[in-house]
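Student: Let me give you the structure first, and then I'll get to my questions.
The values are calculated or read from the model by the stated rules, or taken from the named source; none is laboratory data. All values derive from a computational prediction rather than experimental measurement. A quick note on method: Cβ atoms are made from the backbone with ideal geometry, for glycine too, and the neighbour counts reach across all protein chains shown.
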Amino acid sequence: MLVGLLVLIVGAVWMVTQSGHRRYVVQQVTALPEVQKYFVLVEEGGRSTPSVRVAARPTRDEPGYLVQVYEVFADHTATFNWYRVNIATGAVTLVDLLAE
């Protein structure tokens with residue numbers, strides 16, 4: 001019973017931590033000047049909605065969160081850029097997925 005409760009608590013803390021990291025990562029990318037400008041242009045166009053999503057969490061081989069900035073149309077999405085955010089340093093780097 002106690003072990004089950006401990007596992008439940010640890011799991012809940014992990015989920016809150018991951019949720020907080022995701023929120024922080026999205027805020028870091030959304031604050032970039034080029035992303036802000038892109039959002040304004042998309043909203044002015046009126047045909048789509050700008051969006052940001054965490055596409056991948058850090059792994060042993062890739063320590064940063066992979067973030068996609070894109071716009072949502074009625075029948076498809078279109079990517080603006082990909083970014084990697086290092087959660088330890090807060091550094092945001094532009095990613096060229098074709099080069100990786």
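Student: Under 8 Å by Cβ, and 6 or more places apart or on different chains, what pairs join a residue from the range 34-59 that is surrounded by fewer than 13 Cβ atoms within 10 Å (Cβ to Cβ) with one that is in a helix (DSSP H, G or I)?
Tutor: Going by the 8 Å Cβ cut-off, the qualifying pairs are Gln36/Thr30.
Student: Are any residues in the range 66-93 farther than 13 Å from Thr30 by Cβ and either part of a strand (DSSP E or B) or touching a Lys or Arg at 6+ places or on another chain (Cβ under 7 Å) (or both), and if so, which ones?
Tutor: Here is the first cut: in the range 66-93, the residues farther than 13 Å from Thr30 by Cβ are 66, 71-79, 82, 84, 86-91, 93.
Across the range 66-93, the qualifying residues are Leu66, Glu71, Val72, Phe73, Thr77, Ala78, Thr79, Trp82, Arg84, Thr93.
Student: On to the next question. Taking the condition within 19 Å of the chain's Cα centre (by Cα) and at pLDDT below 95, does Tyr24 pass?
Tutor: yes
Student: A further question follows. Can we say Arg22 is surrounded by 11 or more Cβ atoms within 10 Å (Cβ to Cβ) and basic (Lys, Arg)?
Tutor: It is true that Arg22 is surrounded by 11 or more Cβ atoms within 10 Å (Cβ to Cβ) and basic (Lys, Arg).
Student: Further question on the same structure: Using beta carbons and a limit of 6 Å, which pairs, at least six apart or on different chains, have the first residue in the range 71-85 and free of Cβ contacts under 8 Å to residues at least 40 places away in the same chain and the second one in a loop (DSSP other than H, G, I, E, B) and loosely packed, with under 13 Cβ neighbours inside 10 Å?
Tutor: Trp82/Leu97
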